[in-house]
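The structure appears below as C-alpha cells.
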Amino acid sequence: MSEFDGKIVLVTGCARASGMGRAISVAFARVGADVVATDVATAGTRNENEEGLAEIRLGWKGLESLAGEIQGLGRRVLTLVGDVSRATDAERFVADALARFGRIARPDDIARLALFFASEQSDHITGQAWNVDGGTVMH
Ligand SMILES: NC(=O)c1ccc[n+]([C@@H]2O[C@H](COP(=O)([O-])OP(=O)(O)OC[C@H]3O[C@@H](n4cnc5c(N)ncnc54)[C@H](O)[C@@H]3O)[C@@H](O)[C@H]2O)c1
C-alpha cells in the first residue's frame, strides 16, 4: 500500500514519448495513482524542425500508447484531448476526471476534519464553514 493508492493525478502535455508528461504520468502510476493523461493533440505536437523520428521508430501512438503503459502497471487511465490554456477545456478535464474517478464524501472524510478542528493544528482558525466535497464546489 502506497500513499498514492486511491489518488487520481491529472497531467497535461502527456503525448510525447520523451516528454515530461509521460514521465510524470508513469511515475505516479508506478506508486499507485490512477492517471488522467491529457494533451492538446492525441499524438502531441512537435517542436519546430523536429521530425519525431524516435517516436516513429518506437511505434509510439501518443496518448494511446501511454494508456497501455499505465494499464500495464495495473492502474486505471483516462485520456483526454484539449488545450489546457483554454478555461473551457481545463474545466472539462476536471469534470471528466471526476465523472470517471470521482467519489462522494465518506463519513471518515468529515471525521478527519472534526479531528483537525479539535486539534491544536487549528487553534487560530475560527468562524469557518468548510466544504468536504472533493472539489465539487469548484465547477
Ligand atoms: N523545470 C524543468 O526543469 C523542466 C525540465 C524539462 C522541461 N521543462 C518544461 O516542461 C515543458 C514540457 O517539456 P517536454 O520536454 O515534456 O516537452 P514536449 O514538447 O516533449 O511535450 C509537451 C507536450 O505538451 C503538449 N501541449 C502543448 N501545448 C499544450 C496545451 N495548450 N494544452 C495541452 N497540451 C499541450 C504538446 O502537444 C506536447 O505533447 C516545457 O515547457 C519545458 O520547457 C521544464
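Within the stretch 49-79, the set of residues being of a type in the set (A, V, I, L, M), more than 14 Å from Val26 (Cβ to Cβ) and buried (at least 19 other Cβ atoms within 10 Å of the Cβ) comprises just one member, Leu78. Is at least one residue of the stretch 70-85 modelled with pLDDT of 95 or more, in a strand (DSSP E or B) and more than 14 Å from the ligand (Cβ to nearest atom)? So far as the stretch 70-85 goes, yes, one or more of its residues are modelled with pLDDT of 95 or more, in a strand (DSSP E or B) and more than 14 Å from the ligand (Cβ to nearest atom). Whenever a residue of the stretch 1-24 is under 23 Å from Arg92 (Cα atoms), its partners that are in a helix (DSSP H, G or I) and hydroxyl-bearing (Ser, Thr, Tyr), lying with C-beta atoms within less than 6 angstrom and at least six residues away or across chains, give the pairs Val11/Ser25; Cys14/Ser25. Taking residues in the stretch 76-87 that are over 11 Å from Ala37 (Cα atoms), and partners anywhere that are within 8 Å of the ligand (Cβ to nearest atom) and part of a loop (DSSP other than H, G, I, E, B), the pairs with Cβ atoms closer than 6 Å and at least 6 places apart or on different chains are Asp83/Val40; Val84/Thr12.
The residue of the stretch 15-46 that is nearest to Gly68 (Cα to Cα), among those that are over 11 Å from the mean Cα position of the chain (by Cα), within 7 Å of the ligand (Cβ to nearest atom) and of a type outside the set (Gly, Ala, Ser), is Arg16. What are the residues in the stretch 39-57 that are of a type in the set (S, T, N, Q) and either closer than 15 Å to Gly13 by Cα or in a helix (DSSP H, G or I) (or both), if any? Hits for the stretch 39-57 are Thr42, Thr45, Asn47.
The values are calculated or read from the model by the stated rules, or taken from the named source; none is laboratory data. Since the structure is predicted, the reported quantities are computational estimates derived from the model, not experimental observations. Ideal geometry is used to build each Cβ from the backbone, glycine not excepted, and the neighbour counts take in all protein chains shown.
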